[in-house]
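*Asks:* Pasting a structure here, questions to come.
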Amino acid sequence: MLSPAKINLGLEIPYKRPDGFHEIQSVFLRLNWGDDILIEPISPGSFELISDNQIILEKRRLYDDVSEKGDLSKNILFKTFTKIRAHYRELPGVRIHLTKRIPPAAGLGGGSTNAASLLSFYFGLSPEFNSDGLFKLAAEIGADVPFFLSEAHSLVSGKGEIMRDIEVHSGQGILALTPQILSTAEMYAGLKKPLQAAPPSKRWISLGNDVEFSLKEGNWTALREKLVNDFEPLAFQKFPELGKLKESFLANGASYSSLTGSGSCIYGLVQGLEIREELLAKMQTEFPDLTFVSFNY
């Protein structure tokens, strides 16, 4: 089954929370592109991971280092299995075949989506493993994991665990799988957000109706100044080529373009298959050394 990637439509970080996490506000959009994952039950207590690493060359080693070829104890699938087994020891072990396409350090939720796939596999195998337990474990594993348990696009807040399904007009896009590596921890630290416990930003709330209407209509041009990613200034300062990539997406026909997450991937959204193919051809010509992926949402 598909373990899908996500992109962020806007990502605001209003403040740092007392628990050490940062408050976020973002729209998470599910893509029809990602990893393929096959999970089968084996003897209790056993965990096996068999990976086909198809990540772009510059980031391939980042996954190998935490796969069965490296230190498996650092792999999010193994951590998820260990956490599940600590609560539900009667559940079977797993053999996981993973075709890994989503690169680490990309802002695409590659680890979180895999963890959610494993949680979904186990859901229902035990009468004690109910939906409350599922989402509680997901939030403990990672802030983005609860989102991937749903099939919907979501308006996300809190540290990532507060979600509301949101309607988004279907469309197409191009994703640039960039080689740059941006540390999530360093990016958050670079924002230098104040420590406070306050309601979500008034700016986000005041734009809510406009944003939701534009999302339903697929009016991406109207959202260029309304949905902003707070990490872009930091990312573009460190790697100016990422800023150029975004500018080129827009100049070549994308209705909307942005960094996703804390980076480093950049995407462009369009309405129409022909427009997407034209955009892809132009971007491949301008950036022949980059890998581009087409997706629907």
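*Asks:* Rounded if a/c is under 1.5, else prolate if a/b beats b/c, else oblate: with a ≥ b ≥ c from the C-alpha gyration tensor eigenvalues square-rooted, which is segment 70-176? Don't skip to the end; give the middle numbers.
*Replies:* Numbers: a/c = 1.98, a/b = 1.32, b/c = 1.50.
Oblate.
*Asks:* Right, another one. About its Cα centre, what dipole magnitude does segment 2-165 give when the only charges are +1 on Lys and Arg Cβ and -1 on Asp and Glu Cβ, stated in debye to the nearest 20?
*Replies:* Dipole of segment 2-165, to the nearest 20 debye: 260 debye.
*Asks:* Still on this structure, I have one more. Once you've got the Cα coordinates, tell me which of LYS192/LYS226; LYS83/LYS136; LYS16/LYS136 are over 19 Å apart.
*Replies:* Where the Cα-Cα span goes over 19 Å, the pairs concerned are LYS192/LYS226; LYS16/LYS136.
*Asks:* Related question: Say the dipole of segment 172-296 comes from +1 at the beta carbon of Lys and Arg and -1 at that of Asp and Glu; which of LEU223, ASN252, SER183 then lies farthest toward its positive end?
*Replies:* It is SER183.
*Asks:* Separate question: In degrees between 0 and 90, to the nearest 10, how far off the longest principal axis of the chain does helix 273-286 point, with axes built from Cα atoms?
*Replies:* Result, in degrees: 80.
*Asks:* For the chain, with equal point scatterers placed on the C-alpha atoms only and solvent neglected, what are the log10 I(q)/I(0) values from the Debye formula at q = 0.11 1/Å, to two decimals?
*Replies:* Each listed q corresponds, in turn, to -0.66.
*Asks:* Further, regarding this structure: With each pseudo-label sitting 7 Å past Cα toward Cβ, what's the PHE123-SER183 distance in nm, one decimal?
*Replies:* The two pseudo-label positions are separated by 3.5 nm.
*Asks:* May I ask for the angle, rounded to the nearest 10°, between helix 110-122 and the longest principal axis of the chain, with both axes built from Cα atoms and the value confined to 0 to 90°?
*Replies:* 40
*Asks:* Return one number: the angle in degrees, 0 to 90 and rounded to the nearest 10, between the long axis of the Cα atoms of helix 240-251 and the longest principal axis of the Cα atoms of the chain.
*Replies:* Helix 240-251 sits at roughly 70 degrees to that axis.
*Asks:* How large is the charge dipole for segment 159-297, taken about the Cα centre, if only the Cβ atoms of Lys, Arg (+1) and Asp, Glu (-1) carry charge, to the nearest 20 debye? If you can, show how the numbers build up before the last one.
*Replies:* Numbers: 14 positive and 17 negative charges, 109 e Å.
Using only the charged Cβ atoms, the result is roughly 520 debye.
*Asks:* Which shape class applies to segment 172-296: rounded if a/c is under 1.5, otherwise prolate when a/b exceeds b/c and oblate if not, where a ≥ b ≥ c are the square roots of the Cα gyration tensor eigenvalues?
*Replies:* Oblate.
*Asks:* Along the charge dipole of the chain, which of GLY111, SER157, THR285 sits closest to the positive end, that is, farthest toward it, with unit charges on the beta carbon of Lys, Arg, Asp and Glu (+1, +1, -1, -1)?
*Replies:* SER157
*Asks:* Moving on. Quick one: grab the alpha carbon gyration tensor of segment 2-165, order the square roots of its eigenvalues as a ≥ b ≥ c, and give me rounded if a/c is under 1.5, else prolate or oblate depending on whether a/b is larger than b/c.
*Replies:* oblate
*Asks:* Same structure, new question: For an R0 of 35 angstrom, estimate the FRET efficiency from the Cβ-Cβ distance between SER43 and ASP19 and round to the nearest 0.05.
*Replies:* That gives a FRET efficiency of 0.40.
*Asks:* Would you work out which of ILE42, VAL270, PRO194 lies farthest towards the positive end of the dipole of the chain? Charges go on Cβ: Lys and Arg +1, Asp and Glu -1.
*Replies:* In the chain, that residue is PRO194.
*Asks:* Roughly how many percent of the accessible protein surface of the chain is carbon and sulfur, given a 1.4 Å probe and a whole-percent answer?
*Replies:* Percent of accessible area from carbon and sulfur atoms in the chain: 53.
*Asks:* Would you work out the relative contact order for the chain, in percent, from Cα pairs under 8 angstrom that are 6 or more residues apart?
*Replies:* Once normalised by length, the contact order is 24 percent.
*Asks:* Counting heavy atoms of the protein chains only and a 1.4 Å probe, report the per residue accessible area for the chain as a whole number of Å².
*Replies:* Accessible area per residue, the chain: 45 Å².
*Asks:* So how strong a dipole does the chain carry about its Cα centre when Lys and Arg Cβ are +1 and Asp and Glu Cβ are -1, to the nearest 20 debye? Can you show the working numbers first?
*Replies:* On the way: 31 positive and 36 negative charges, 132 e Å.
Dipole about the Cα centre, nearest 20: 640 debye.
The values are calculated or read from the model by the stated rules, or taken from the named source; none is laboratory data. Worth saying up front: this structure is predicted, and the values here are computed from it rather than measured. We place every Cβ from the backbone using ideal geometry, glycine too, and count neighbours over all the protein chains shown. Accessible surface is based on the protein model in full, side chains and every heavy atom, while ligands, DNA and RNA are left aside. Shrake-Rupley method; radii C 1.70, N 1.55, O 1.52, S 1.80 Å.
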